[in-house]
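Each remark here refers to the structure printed beneath this line.
No lab work stands behind these numbers, since they all come straight from the coordinates. What you see is a predicted model, and the numbers here were worked out from it, not measured in a lab. Cβ sites come from the backbone with ideal geometry, for glycine too, and all protein chains shown count toward neighbours.
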Amino acid sequence: MGAPAAEKPLPFHLRGNYAPVQEEVTLTDLRVEGAIPPELRGLFVRNGPNPRSGSSAHWFVGDGMLHGIRFEAGRAAWYRNRWLRTRSFNEDPPPALISPDGTVDRSVAVANTHIVRHAGRILALVESSFPTQVTPGLDTIGLHDFGGRLTTAMTAHPKLCPLTGEMHFFGYGFFPPYLTYHRVDATGALVQSEEIPVKGPTMIHDFAITEHHVLFLDLPVVFDLEKAMAGLAPQSASAGAEQRGDGLPYHWSDDYGARIGVMPRGAGAESLRWFEISPCYIFHPFNAFETDDGRIVLDVCRYPKLWATNSGEFDSARPHRFTINLAAGSVAETPLFDDAAEFPRIDDRRAGVRARYGYAAANPPVGDFERQGRPIIVKYDLTAGTRQVHDLGGRVPSEAVFAPAQATAGEDEGWLIAYAFDEARGASDVVILDAQHIERAPVATIHLPRRVPYGFHGNWFPDE
Ligand SMILES: [Fe+2]
């Protein structure tokens, strides 16, 4: 059978609460402390990597698993976790994303990064592949390629415009076209696909919209074809990648440069303008919006550098603001807060318009977070430049997702919901905070009898 246990410690993404869980369960009669707000009727679900084999070459490439909890009538009706039944999960050995002849198979889909709902469809997403549709009970339906109209991958971070009901997204590729923008109308039909010319293949994780523009991030973490092809060969030089956790074919480039692309919504790539910025990497924006005097503000969590030595190393990102002056053709940069912060979110009903508040995990479970200090959930007032903190008493939060008290509630009127791992119990809680008073004790804590591994992104789907 397998080789004896290696002397070398496992990479971070296979240890502790990053390690995958081995069973799917459905649990009812959950232990609740406090009172679940009766206004919360719907599903909180978070995606994340959970390699079925127990091992993966990098944190980002394990089979996707959904962790969902359903709230209704002031109670937690159930918690369940389900693997995404993708081709990667179902086939042994899993199919290759990139074939030796250079073809990319967009149906491979570990589907491990995010989950969104648009036009009545719930889609689990990973940026290398087509979306995977699931039921509200977290069972896999299958790939969704918008009736055959989608011919590129789909980012895990589409933007749902609260003004039009459209879903905007992009796909990036290892080979041309490197970047393609897509727009889906409110009925779920893919109505626009635009190739966006960029210099080369880079990792583009997320983007932003405003009322009148789409913003692209062309940043210096570039695709490494040699490393990708080496990874396809048996007994290859990358065979040790699983032990090192550096199994992604991307690296930092000192030469590529960094820029933000601004394209008017509804226009084509000929109207796109690029704005040079200082080199950095950005996985996630909080939001972008237009000011009254015609500037575009983009707030992000910014890494000064990423993967300069290998793709298993993460430094800290900090909240940072770009202000783009379209008339002057210039961009100004301002650090916003000193926290090491990731998983930035807003009240998504403000996506693309001015949102006053941003939420994030500070000292988050990204990479070697043990050295960063006590993890907390932070609420930023992005207008006033102030912050409030919720100390979880040593528990480590996943991304905190905003759930409005009702559809017509104002910004920030509602709750933040997050999984939080309690090392002392060896299990996870679901924590519900009053978003307007996050420093207070949670309004409710659901103590799960199991752990939910650290993962990526989730959403709140209120009953429709
Ligand atoms: Fe992400």
Over segment 411-458, volume per residue of the alpha carbon convex hull, in Å³ | 85
Using the Karplus curve 6.51 cos²θ - 1.76 cosθ + 1.60 with θ = phi - 60°, work out ³J(HN,Hα) for each residue of segment 405-422 in order, rounded to whole Hz, and write x for Gly and Pro.
-> 4, 7, 4, 8, 5, x, 4, 6, 8, x, 10, 9, 10, 8, 7, 9, 8, 9
In whole Hz, with x marking every Gly and Pro, tabulate ³J(HN,Hα) for segment 155-165 from phi via Karplus 6.51 cos²θ - 1.76 cosθ + 1.60, θ = phi - 60°.
-> 4, 7, 10, x, 10, 9, 7, x, 8, 10, x
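How much net charge surrounds Ala361 when only other residues with a Cβ under 14 Å from its Cβ are counted (Lys, Arg +1; Asp, Glu -1)?
+3
What net charge is computed for the residues neighbouring Pro442, neighbours being all others with C-beta under 10 Å from the C-beta of Pro442, Lys and Arg scored +1, Asp and Glu -1?
With Lys, Arg at +1 and Asp, Glu at -1, the net is -2.
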Tell me, Asp434, Asp101, Asp218 in order of fewest to most beta-carbon neighbours within 10 Å?
-> Asp101, Asp434, Asp218
Radius of gyration and maximum dimension Dmax of segment 133-208, Cα, Å | 13.3, 42
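Mind checking the alpha-carbon convex hull of segment 105-158 and giving the volume per residue in Å³?
Cα-based convex hull of segment 105-158, divided per residue, equals 75 Å³.
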Counting pairs of Cα atoms in segment 12-462, how many percent are more than 31 Å apart?
-> 37
Under 5 Å from the placed amide H of Arg387, counting only residues 5+ away or on other chains, we find Asp381
Counting Lys and Arg as +1 and Asp and Glu as -1 over every other residue whose Cβ sits under 14 Å from the Cβ of Pro177, the net charge comes to -1
Just for the Cα atoms in segment 1-138, what are the lengths along the principal axes, largest first, rounded to whole Å?
-> 54, 41, 21
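Give me Leu10, Leu225, Leu433, Leu163 sorted ascending by neighbouring Cβ count inside 10 Å, so fewest comes first. If you can, show how the numbers build up before the last one.
Values: Leu10 17, Leu225 14, Leu433 27, Leu163 10.
Fewest-to-most ranking of Leu10, Leu225, Leu433, Leu163: Leu163, Leu225, Leu10, Leu433.
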In what order do Met65, Met229 fall by count of nearby beta-carbon atoms within 10 Å, going from fewest to most?
-> Met229, Met65
Divide by every residue of the chain the summed helix terms, -39500 (n - 2.57) for each DSSP H run of at least 4, and state the resulting mean residue ellipticity at 222 nm, rounded to the nearest 500 deg cm²/dmol.
-> -500 deg cm²/dmol
Long-range amide H partners of Ala427 with built H, under 5 Å = Asp422
State whether segment 286-409 is rounded, prolate or oblate according to the following rule on the C-alpha gyration tensor (a ≥ b ≥ c being the square roots of its eigenvalues): a/c under 1.5 gives rounded; otherwise a/b larger than b/c gives prolate, and the remaining case gives oblate.
-> oblate
